[in-house]
Amino acid sequence: MACVSCNQRKARRACPALGQTICSVCCGTKRLTEINCPGDCVYLASAREHPAAVVRKQWERDVAVLLPSIRHLTERQHQLFYLFHGVIARYIPEGFSRLHDEDVAEACASVAATFETAARGVIYEHAPPSPIAHGLARAMMAMVEQLRTHGTRVYDGEAAIALRAIEEGALNTHKTLGSGDPTAYLTLVRRLLPADPASGAQAGADPAPAQGRSIILP
């Protein structure tokens with residue numbers, strides 16, 4: 001029986017996400033990226049317990065690229081970093097447009113500037129130049145307003161710092177990797193962050209790191 005994912009290799013693993021059998025290669029390479037694996041998947045649990053050498057090396061390279069932009073974040077800022085990335089992961093531009101790292105950087109810069117201005121006592125909304133970045137910026141602001149509506153304390157200064165970290169990462173990843181891929185940062189973060197980075201937020205609670213969610217090992 002051929003794998004339902006690639007239709008090339010022999011299917012050997014029962015995939016609970018697809019409800020069908022897939023090959024070990026697709027299971028390993030498409031896990032949590034193209035396949036939305038449930039938390040109780042035995043293969044997902046095994047991979048987390050004993051990651052393959054090539055996967056761990058990729059993880060170490062990704063962390064080395066991202067670390068300079070997030071090493072200064074406090075625990076609260078680190079969690080806001082995750083929450084904003086949850087918005088980025090869910091954001092779908094209108095039409096046939098595709099979200100690029102440049103859009104992410106522009107959106108984060110404008111929202112961070114808005115929070116920095118508010119921290120000085122001035123209410124002024126900074127708008128990014130591109131329509132895609134503008135839509136993402138509005139989604140980020142809506143997330144913060146929703147948290148505040150439910151009683152979560154989100155300080156303007158801390159939100160701005162977390163957003164500047166994302167901006168820095170989106171701008172510098174291409175330089176560090178020497179990559180021409182316009183989504184190099186988004187791809188890297190998708191590998192590092194969990195599939196549901198926004199799940200750590202609870203109504204009425206302060207942003208705090210979720211158990212086991214830290215990118216950086218102690």
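Among the candidates 67, 44, 32, the residue that is at pLDDT below 95, at positive phi and of a type in the set (A, V, I, L, M) is uniquely 32. In the stretch 72-95, the residue that is nearest to residue 181 (Cα to Cα) out of those that are β-branched (Val, Ile, Thr) and assigned to a helix (DSSP H, G or I) is 88. Residue check: residue 75 meets all listed conditions (1) surrounded by 17 or more Cβ atoms within 10 Å (Cβ to Cβ); (2) more than 19 Å from residue 187 (Cβ to Cβ); (3) of a type in the set (Asp, Glu) but one, namely (1).
Are any residues in the stretch 41-71 assigned to a loop (DSSP other than H, G, I, E, B) and surrounded by 15 or more Cβ atoms within 10 Å (Cβ to Cβ), and if so, which ones? Break it down stepwise before answering.
So in the stretch 41-71, the residues assigned to a loop (DSSP other than H, G, I, E, B) come out as 41, 50-52, 71.
Listed by number, the list holds a single entry, 41.
For the stretch 96-119, a residue qualifies if it is in a loop (DSSP other than H, G, I, E, B) and crowded, with 17+ Cβ neighbours inside 10 Å, and the qualifying residues are 99, 100.
A single member of 40, 62, 103 is outside the structural domain of residue 147 (by TED's automatic domain parsing) and acidic (Asp, Glu), and it is 40. Does the stretch 1-23 contain any residue that is assigned to a helix (DSSP H, G or I) and either modelled with pLDDT under 90 or over 19 Å from the mean Cα position of the chain (by Cα) (or both)? Checked against the condition, which is being assigned to a helix (DSSP H, G or I) and either modelled with pLDDT under 90 or over 19 Å from the mean Cα position of the chain (by Cα) (or both), the stretch 1-23 yields no hits at all. Just one of the listed residues (38, 93) is in contact with a Leu (Cβ under 9 Å, 6 or more places away or on another chain) and loosely packed, with under 12 Cβ neighbours inside 10 Å, and it is 38.
The values are calculated or read from the model by the stated rules, or taken from the named source; none is laboratory data. Computed from a prediction, not measured in an experiment: that's the story for all the values here. Here Cβ is always computed from backbone atoms with ideal geometry, including for glycine, and neighbour counts include all displayed protein chains.
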